[in-house]
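The values are calculated or read from the model by the stated rules, or taken from the named source; none is laboratory data. From a predicted model like this one, the values you see are computed outputs, not experimental measurements. Don't worry about glycine lacking a Cβ; one is built from the backbone with ideal geometry, like all the others, and counts go over all protein chains shown.
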Amino acid sequence: MALNTLYRASTALAACCLVVIASLVVLQVLARLADGTMMLFGLEPFGLLVPSLAEIAGFLLVGASFLALAGTFRNADHIRVSILLQAVPSQFERLLNIWCVAIALALVAFFTWNAGALAYDSYKFNEVSFGIIPIPLVIPQMVMTLGLSVFSVALLDDLVLAVSGKAQSFEIVSKEDPIEGKE
């Protein structure tokens, strides 16, 4: 229950990143429309802009992508290639599933460790972005590390379920969520 709350919170943060991106882009478009209208009437444009918009949007997109990993995994929204699994006996299918989740966990744990090391280096050397607004690079890197950490927990959660003989998340997910609709 607590882990599912963690996965939902991470997914909600990913959605918030997308809302902020959309809001900033709309704000920039409205500012350009206001400037265009001012020029149309022969007035001096305001010159409004959202500084470092592309850079901020890129950082937020990284956040959205990594924070959504655990929630989409647990909701069975990741692409699974199951052709081989359909062709093998059910006992071997279970072992293949365990092997796949274990390999995925090892890879994601490796990525998590290295993302954390990268964030630590950025913090230690006080690295900032090159845009109009110098954003400390540790911020988007920590968000990426957080998303990978939550994804690692989700994979470990599924691995424990699979090893203990219980159904994994993709097998028991309810597809009645409002985004996907009912199947």
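Structure values in brief
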item: Qualifying residue in region 10-26 (condition: polar (S, T, N, Q) and assigned to a loop (DSSP other than H, G, I, E, B)); result: no
item: Filter pass, LEU84 being surrounded by fewer than 14 Cβ atoms within 10 Å (Cβ to Cβ), in contact with a helix residue (DSSP H, G or I) (Cβ under 8 Å, 6 or more places away or on another chain) and not basic (Lys, Arg); result: yes
item: Test for PHE110: is it part of a helix (DSSP H, G or I), at pLDDT below 95 and among the aromatic types (Phe, Trp, Tyr); result: no
item: Qualifying residues in region 122-147 (those that are part of a helix (DSSP H, G or I) and among the polar types (S, T, N, Q)) - the one farthest from ALA68 (Cα to Cα); result: SER122
item: Matching residues, region 71-103, being at pLDDT 95 or above and either of a type in the set (Gly, Ala, Ser) or not in a helix (DSSP H, G or I) (or both); result: ALA102
item: Residue that is surrounded by fewer than 16 Cβ atoms within 10 Å (Cβ to Cβ), farther than 28 Å from LEU156 by Cα and either touching a helix residue (DSSP H, G or I) at 6+ places or on another chain (Cβ under 9 Å) or among the hydroxyl-bearing types (Ser, Thr, Tyr) (or both), where the choices are LEU61, LEU137, LEU49; result: LEU49
item: All positions within region 13-46 that are among the small types (Gly, Ala, Ser), within 30 Å of LEU67 (Cα to Cα) and either surrounded by fewer than 16 Cβ atoms within 10 Å (Cβ to Cβ) or touching a His at 6+ places or on another chain (Cβ under 6 Å) (or both); result: ALA15, ALA22, SER23
item: Selection within region 103-132 - under 30 Å from LEU84 (Cα atoms) and surrounded by fewer than 15 Cβ atoms within 10 Å (Cβ to Cβ); result: ILE103, ALA106, LEU107, PHE110
item: Residue tally, condition within 30 Å of MET142 (Cα to Cα), among the small types (Gly, Ala, Ser) and assigned to a helix (DSSP H, G or I), over region 27-70; result: 7
